[in-house]
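Participant: One structure, pasted below without further comment.
The values are calculated or read from the model by the stated rules, or taken from the named source; none is laboratory data. Keep in mind it's a predicted model, so treat the numbers as computed, not measured. Backbone-built Cβ (ideal geometry, glycine too); neighbour counts: all protein chains shown. Heavy atoms of the whole protein, side chains included, go into the accessibility calculation; ligands, DNA and RNA do not. Shrake-Rupley method; radii C 1.70, N 1.55, O 1.52, S 1.80 Å.
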Amino acid sequence: MLSKKTKYGLKALTYLASVDSKEPVQIAEIAKHENISQKFLESILLTLRRNGFLGSKKGKGGGYYLIKKPEEIQMTSVMRVLEGPIAMVPCVSLNFYEKCDDCPDENKCAVHKLMIQVRDSALKVYRNNTLADLIK
């Protein structure tokens, strides 16, 4: 299940990508428009800023803004920053692989085989979508 952090992060990114002005947008405006707790949104936007998706400006006229074009922001990157590994189990993760303690042989594990298919189908969707696709 998608976490609220990721859901709200995607909503905030799509809002920033769809505003007419490319001026910084205040957190309060995003929170109000997307019905997100301002305090929770602050931590999400900080995460997105630290990971190179957003820039920020302090003071009067300050706020957050995209530092990349929407078509350059891949959903795989956003999902990994906000949600963590895309794979549902660590033994099929491409970037965060860990062997399962309870599995003697991954090649014979039915769960492993199924989760590879789930991971691959999710990756296909994320790789084929950018922030620009979400605002169309």
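Participant: How high is the relative contact order of the chain, in percent, counting Cα pairs under 8 Å that sit 6 or more residues apart? The partial results should precede the final answer.
Facilitator: Working: 158 pairs, mean separation 35.2, N = 136.
The value is 26 percent.
Participant: What value, in deg cm²/dmol to 500, does the helix sum -39500 (n - 2.57) over DSSP H runs of n ≥ 4 give at 222 nm once divided by the residues of the chain? Intermediate values should be presented prior to the final figure.
Facilitator: Working: 6 runs with 66 residues, N = 136.
Calculated at 222 nm, the ellipticity per residue is -14500 deg cm²/dmol.
Participant: Give the ranking of R50, R127 by solvent-accessible surface, highest area first, calculated with a 1.4 Å probe. Could the numbers behind the result be given before it?
Facilitator: On the way: R50 170, R127 130 Å².
Of R50, R127, the descending order of accessible area is R50, R127.
Participant: What does the charge add up to near T6, with Lys and Arg as +1, Asp and Glu as -1, over the other residues with Cβ less than 12 Å from its Cβ? Don't skip to the answer; put the middle values down first.
Facilitator: Numbers: positive: K4, K5, K7, K11, R80; negative: E83.
Here the count lands on +4.
Participant: Can you sort K113, K4, K58, K108 by 1.4 Å-probe accessible area, starting with the largest? Don't skip to the answer; put the middle values down first.
Facilitator: Details: K113 110, K4 130, K58 185, K108 165 Å².
The residues order as K58, K108, K4, K113, largest area first.
Participant: Right, here's the next one. Quote the accessible area belonging to D133 in square angstrom, nearest 10, computed with a 1.4 Å probe and with ligands, DNA and RNA left uncounted.
Facilitator: D133 exposes around 50 Å² with every protein chain in place.
Participant: Just grab the label-to-label distance for C103 and S43, each label 7 Å out from Cα along the Cβ direction, in nm (one decimal).
Facilitator: According to this spin-label approximation, the distance is 3.0 nm.
Participant: Once R0 is set to 22 Å, what does the formula 1/(1 + (r/R0)^6) return for the Cβ-Cβ distance between N129 and K58, expressed as a FRET efficiency to the nearest 0.05? Let's see the in-between values first.
Facilitator: On the way: r = 32 Å, r/R0 = 1.46.
So the FRET efficiency works out to roughly 0.10.
Participant: Within straight cross-link reach of K4, meaning Cα distance under 19 Å, which aspartates and glutamates are found once same-chain residues fewer than 8 apart are removed?
Facilitator: E29, E34, E42, E83
Participant: Taking 30 Å as R0, compute the FRET efficiency from the Cβ-Cβ separation of N35 and N95 and round it to 0.05. Walk me through the numbers before you get to the answer.
Facilitator: Values: r = 32 Å, r/R0 = 1.06.
The formula returns an efficiency of 0.40 here.
Participant: Taking a 29 Å limit on the Cα-Cα distance, which of the listed pairs K7/K136; K39/K124; K58/K124; K7/K58; K22/K136 fall beyond it?
Facilitator: Values: K7/K136 18 Å; K39/K124 33 Å; K58/K124 38 Å; K7/K58 25 Å; K22/K136 18 Å.
The answer is K39/K124; K58/K124.
Participant: How do the peptides 82-92, 26-36 rank, highest first, by the average count of neighbouring beta carbon atoms within 10 Å per residue?
Facilitator: Details: 82-92: 17.5, 26-36: 15.3.
The peptides rank, most packed first, as 82-92, 26-36.
Participant: On the accessible surface of the chain, probed at 1.4 Å, how many percent belong to carbon and sulfur atoms? Working shown, then result.
Facilitator: Working: 4450 of 8600 Å².
Answer for the chain is 52 percent, counting heavy atoms of protein chains only.
Participant: Can I ask one more? Taking 8 Å as the Cα distance limit and 6 or more residues as the minimum spacing, I'd like the relative contact order of the stretch 1-60 as a percentage. Before the final figure, lay out each step's value.
Facilitator: Numbers: 30 pairs, mean separation 19.9, N = 60.
The normalised contact order for the stretch 1-60 reaches 33 percent.
Participant: Tell me, Kirkwood radius of the chain from alpha-carbon pair distances, in Å?
Facilitator: Details: mean 1/r = 0.0613 Å⁻¹.
Its Kirkwood hydrodynamic radius stands at 16.3 Å.
Participant: How many Å² of accessible area per residue for the chain, probe 1.4 Å?
Facilitator: Values: 8600 Å² over 136 residues.
That works out to 63 Å² per residue.
Participant: Heavy atoms only, probe 1.4 angstrom, no DNA, RNA or ligands counted: give me Y126, Y97 ranked by accessible area, highest first. Each step should come with its number before you reach the end.
Facilitator: Details: Y126 60, Y97 115 Å².
In descending accessible area the options line up as Y97, Y126.
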